[in-house]
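Notes to accompany the following structure.
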Amino acid sequence: MTRDVQQVRAIFSWVVGQNVRDMKFPTDVILNSPMEILRRMQQGKSSYTTLFTLLCRAAKIPCTIIQGFAKSAGYDVGQKELGNLRNMWNAVYINGGWRFVFPLWACRVVVGHNSGKWTLVEAKGEGVREKMPASTGESVSILNDYYFLPDPEEFVYRCFPDNSEWQLMRNPISKEEFLEMPYCRPSFFEYKMKILSTPKCVLNSEDGMCNISMKSSIIDDIMLTYELFYNDEESDAPISSESQLDKYVAVLHQNGKVLFSVRFPCPGIYKIDIHGILKGDDMSWVCSFKLVCKNARHDIKPFPCNPDVGFGPNLITDLAGLKPETHLDSVIGFHSKRETEIKFTMTKTMQVQSRLVHHAMDSQQLRSFVSQRIVGNQLCIILAISQKGEYGLQIKTKGKEDKEFQNVCNYLLEAKEGGRKQRSYETALEKRARVQLQGSLQSKDPVVIQRAINKFAQFDLDDKGEIKRAQDKIQYFQLSKELRDSVNRRNLSALENSIYDAKSSKFQNKLQSLIQKAEDVLADLRKTKKYAHGILEMNQVTISELRNYKSPKPIVHDVMKATFTLLGERQEMLEDWMDIQYLMWRSGKKALITLVRKFDKVNIEENSINMAAHILKPYNEDMAHATSAGCGTFYIWANNIVSDFTKGQPYDTRHETPQSLKEKPLKETSSALDPYSESADRDDDVVDDHGEIGQYSDQYHHPN
């Protein structure tokens, strides 16, 4: 029995491996031989199905050709007329039973086919308005092993034989059932997915919304995304130019399940294509549904955000090193004004940012509603939302090797009214909570103010403006803290973000002195970065040329000596050229280019500036460039750094010698830390087959 499978596999592999288009044939091929069939295939007069049948029968393996309908590239999800989708495939008898083989779909795929009816309106969390032009697509070679002995229970989602017996199922389905079945691609079954919502390819909206729910035993290893289309031809009217669908689809991860929730701001005919990626694989088309919205709700609102990674903990969250401890689902419901904590275990070292968003409220207004604390490897995000509504919580992380923060987890928050007590008096505890909140406004500690807000919210008291004033004060403290921290840390990205946040707030005038200080530091860092541009752009050949000098000219030795002096190297390591060569050969964190990239003038000693100025004094830029391109580039960098400290004038070094400069005591450095900052020596800011085989178009023949 095993030998039969091996034979069929060998025949299948040979057939799908033939590149018929580029073959050349002799004129005297034998009639009905494989070579003659291949020539007829090239002429469009035969098919892979016929060739496979011929070879199986020659090997004494029963094989037949099945005719029927197939949902190929010409299929538009939900269409009822299949006249243009005639196709044929094989059934082969092995291991005591009939199994399917579809040679054509296993080796050819049509990419770029489009009916021209659809306009892409939203994709991967972003609003789009792109009319998809009509195209027949292009047939390309591909090897898809799925179509070798596929499961009949899966195969019937795509292929429907004229004779129901060739469905090879215990309970055959009707053509009407075939037309209603969801349009599921091979990846759907490879991902072991199952549809939990209505298992039909056409779904009708309810109250302006539509939900598609799926599950998989390996869902934690899959990321799913989508593309939403609008059909201008089948809809009663074209989509309004004023209606931009943005954030009207949400991907909700819910403990082993994924829900695609679609909201419709206007009636019409829609289509959603769902795509997925299995850990380590490429993106694959999973399934498609046609969505019919007859009556849209006039008051329907978009989601507060539409992140590419969806809502709820998922594969990206896990890869980032966050393990949820308290909230595994994507939606969190709670009463407004009551504190809610979301906890994670951090399996990696990282920085974390947490941010609230709302479809109509500015993020600055929501800053006081969310805070976070990290104790050991435990991350706790605290929500204290004072107004009911729908919010989005975005969690971003940044690892040691990452350049930017990445969105790794999101939650959809539903804050409901807290149910205020209907009475005209306040108890002693309630009065105390109000007095504490009013008194906290005199505090300069945002933690004290937030605790007072939380206590006030727990009693669900009538807000007479106290919460707004308290939240404003917290926001002011947070903005000023971020400005001071970014100045102390001298982190370019953190400075840019903190300056932008401060200028975008209503406290811009009150924060003007801090903003000006931050902008001065930012300008200084940008200038230093600009100085380093020439070195960072140097190619390896130029650097190798410098470090390979056996006995360089004095100017080369001195320029590199001044460079390493500014980078903090000890003078005794710079007197001998071999020692400098060693320093230039270092790699990793101590590599020369890396040290220049991370250089910050705030850490440099006055003694080092004086020494570098003395070393460079006999030379100028023309002399350095005339020696070598590398020497000129490092001279410019070192001279610029020295000139910044001397305001363009050379240091008075008439009474100083290299030896006296060596013996000059080093100045201790210190950073004035803001009371709210964590430390000043941190480098980074820490924030609390897309296509498929098309319609079979060859003129095919059955073997006699």
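So here's what we get for this one:
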read-out: Segment 114-133, residues that are within 29 Å of the chain's Cα centre (by Cα) and of a type in the set (Ser, Thr, Tyr); value: THR119
read-out: Some residue of segment 558-577 being among the aromatic types (Phe, Trp, Tyr), under 42 Å from the mean Cα position of the chain (by Cα), modelled with pLDDT under 85 and within 17 Å of ASN639 (Cα to Cα); value: no
read-out: Only listed residue being modelled with pLDDT of 85 or more, over 30 Å from THR633 (Cα atoms) and open to solvent by less than 10 Å² (accessible area, probe 1.4 Å), chosen from ILE499, ILE515; value: ILE515
read-out: Some residue of segment 246-263 being acidic (Asp, Glu), open to solvent by 10 Å² or more (accessible area, probe 1.4 Å), under 20 Å from the mean Cα position of the chain (by Cα) and under 22 Å from MET214 (Cβ atoms); value: no
read-out: Any hit, segment 411-422, residues being closer than 21 Å to GLU325 by Cβ, of a type in the set (A, V, I, L, M, F, W, C) and either part of a loop (DSSP other than H, G, I, E, B) or open to solvent by 20 Å² or more (accessible area, probe 1.4 Å) (or both); value: no
read-out: Residues of segment 30-72 that turn out to be out of contact with any Leu (no Cβ under 8 Å at 6 or more places or on another chain), of a type in the set (Val, Ile, Thr) and open to solvent by less than 30 Å² (accessible area, probe 1.4 Å), as a count; value: 5
read-out: Hits in segment 83-92 - residues which are out of contact with any Phe, Trp or Tyr (no Cβ under 6 Å at 6 or more places or on another chain) and either part of a helix (DSSP H, G or I) or open to solvent by 20 Å² or more (accessible area, probe 1.4 Å) (or both); value: GLY83, ASN84, ARG86
read-out: Residue list for segment 134-184, restricted to those being under 41 Å from the mean Cα position of the chain (by Cα), small (Gly, Ala, Ser) and assigned to a loop (DSSP other than H, G, I, E, B); value: ALA134, GLY137
read-out: Selection within segment 136-153 - over 14 Å from CYS107 (Cα atoms) and open to solvent by less than 50 Å² (accessible area, probe 1.4 Å); value: GLY137, LEU149, PRO150, PRO152
read-out: Sole exception among (1) in contact with a Phe, Trp or Tyr (Cβ under 7 Å, 6 or more places away or on another chain); (2) under 21 Å from ASN163 (Cα atoms); (3) outside any helix (DSSP H, G or I) for LYS80, by number; value: (1)
read-out: Matching helices (runs of 4 or more DSSP H) fully within segment 583-647 where at least 3 residues are open to solvent by 50 Å² or more (accessible area, probe 1.4 Å) and not polar (S, T, N, Q); value: 621-627, 629-646
read-out: Top-ranked residue in segment 366-401 [being in contact with a Cys (Cβ under 6 Å, 6 or more places away or on another chain) and over 19 Å from ARG451 (Cβ atoms); ranked as surrounded by the fewest Cβ atoms within 10 Å (Cβ to Cβ)]; value: GLY392
read-out: Within segment 191-215, tally of residues that are surrounded by fewer than 21 Cβ atoms within 10 Å (Cβ to Cβ) and under 23 Å from VAL408 (Cβ atoms); value: 1
read-out: Candidates VAL202, VAL251, filtered to the one that is of a type in the set (Val, Ile, Thr) and farther than 29 Å from THR326 by Cβ; value: VAL202
read-out: Cβ pairs under 6 Å, 6+ apart, first in segment 101-112 and farther than 20 Å from ILE61 by Cβ, second part of a helix (DSSP H, G or I); value: TRP105/TYR147
read-out: Number of the exception - VAL435 against (1) β-branched (Val, Ile, Thr); (2) open to solvent by 60 Å² or more (accessible area, probe 1.4 Å); (3) at pLDDT below 85; (4) over 36 Å from the mean Cα position of the chain (by Cα); value: (3)
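Residue-by-condition table, conditions (1) at pLDDT below 90; (2) open to solvent by 30 Å² or more (accessible area, probe 1.4 Å):
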site: GLY268; (1), (2): no, no
site: GLY280; (1), (2): yes, yes
site: ARG297; (1), (2): yes, yes
site: PHE311; (1), (2): no, no
site: LEU315; (1), (2): yes, no
site: GLU325; (1), (2): yes, yes
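The values are calculated or read from the model by the stated rules, or taken from the named source; none is laboratory data. Because the structure is predicted, anything quoted here is derived from the model rather than measured. Note that each Cβ is placed from the backbone with ideal geometry, even for glycine, and that neighbours are counted across all protein chains shown. Accessible surface areas use protein heavy atoms only, side chains included; no ligands, DNA or RNA. Shrake-Rupley method; radii C 1.70, N 1.55, O 1.52, S 1.80 Å.
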